[in-house]
1. What's the carbon and sulfur percent of region 15-83's accessible surface, probe 1.4 angstrom, rounded to a whole number?
2. Could you give the DSSP H helices of the chain that reach 30 angstrom or more along their long axis (alpha carbon positions) and whose average Kyte-Doolittle hydropathy is no lower than 0.0?
3. Might you report the magnitude of the Cβ-based charge dipole of region 63-182 about its Cα centre, with Lys and Arg at +1 and Asp and Glu at -1, to the nearest 20 debye?
4. Once you list every other residue whose beta carbon is under 14 Å from the beta carbon of Y187, what net charge do they have if Lys and Arg are +1 and Asp and Glu are -1?
5. Please give the per residue accessible area of the chain, computed with a probe of 1.4 Å over protein heavy atoms only, in Å².
6. Rounded, prolate or oblate: which one fits region 106-216, using the alpha carbon gyration tensor with axes a ≥ b ≥ c (rounded when a/c is under 1.5, else prolate when a/b beats b/c, else oblate)?
7. Before anything else, pin down the relative contact order of the chain: Cα pairs under 8 Å, at least 6 apart, normalised by residue count, whole percent.
8. Could you tell me the center-to-center distance, by alpha carbons, between region 30-48 and region 84-105 in angstrom?
Amino acid sequence: MRRKNEIAVDKILDCAKEEFMEKGFEGASMRTIAERAGYTTGMLYARFADKSQLFKELVDDAAEKLFRYFSDSENAFADLPPEQQLSEMHTYVEGKVDEMIDIIYDRFDAFKLIVCKSAGSGYEYYIDKMIDVETANTLRFIDALNSAGIRINDVRADLSHMLSSAMFNGIFEVVAHDLPREEARGYIKQVQDFFNAGWDNLLGLPSDWQKSLKRR
């Protein structure tokens, strides 16, 4: 049987989520959250130091799970031989992004808060951190292939960052617009196809490079 304190915390978190969803982190009020939950402000502060702690409680597990999966996937790809990185660079990413979609949609409310309601909180720049990881790994990928004698074009770091930003913000649009999971999957596949073609061009890969690899 659950204890009264656990039930109280669940009620507070439910009410905090409603408040953040309606007003965003900056506009949310601890006093209003307490009133929604039927507690005094003092009782609320006895359990949560401030609204930052409340927001973190609502989103941190989801945020950490996605970021850890993304970072681990990037590191695993970097450990592959350069030739394999080249041959699998699109299919590998597509598979990992597909899993990321499920992580997001299994915890949709948390990511709705992060994507749309986190201004002023510690999660305001969550997507930017993912963009920074993607940018660093793109430059590492280019360097690894060129060092292995697989000649591809260099891409400026600032351009790589801009493209990574466009891709990740495009991906998270599915959350902002409340797309159903499978519709989001199809949308993101189209976004990936668009960026794959653009990256192939920037890196100087011929349009049929994947077919030529298969014929080897």
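1. Values: 1690 of 3630 Å².
Accessible surface attributable to carbon and sulfur in region 15-83 totals 47 percent.
2. Values: long enough: 51-78 (39 Å, -0.50); 82-106 (35 Å, -0.61); 126-147 (32 Å, 0.03); 181-202 (31 Å, -1.01).
Those that clear 30 Å and a mean of 0.0 are 126-147.
3. Values: 11 positive and 22 negative charges, 45 e Å.
Here the size comes out at about 220 debye.
4. Numbers: positive: R181, R185, K189; negative: E94, D98, E173, D178, E182, E183, D193.
Charge balance in the 14 Å sphere: -4.
5. Solvent-accessible surface per residue comes out at 55 Å².
6. Numbers: a/c = 3.08, a/b = 1.68, b/c = 1.83.
Since a/c reaches 1.5 but b/c is at least a/b, the shape of region 106-216 is classed as oblate.
7. Details: 168 pairs, mean separation 43.2, N = 216.
Across the chain, relative contact order equals 20 percent.
8. 42
The values are calculated or read from the model by the stated rules, or taken from the named source; none is laboratory data. Not measured: the values here are computed from a predicted model. Here Cβ is always computed from backbone atoms with ideal geometry, including for glycine, and neighbour counts include all displayed protein chains. Areas reflect the complete protein model, heavy atoms only, side chains present, ligands, DNA and RNA absent. Shrake-Rupley method; radii C 1.70, N 1.55, O 1.52, S 1.80 Å.
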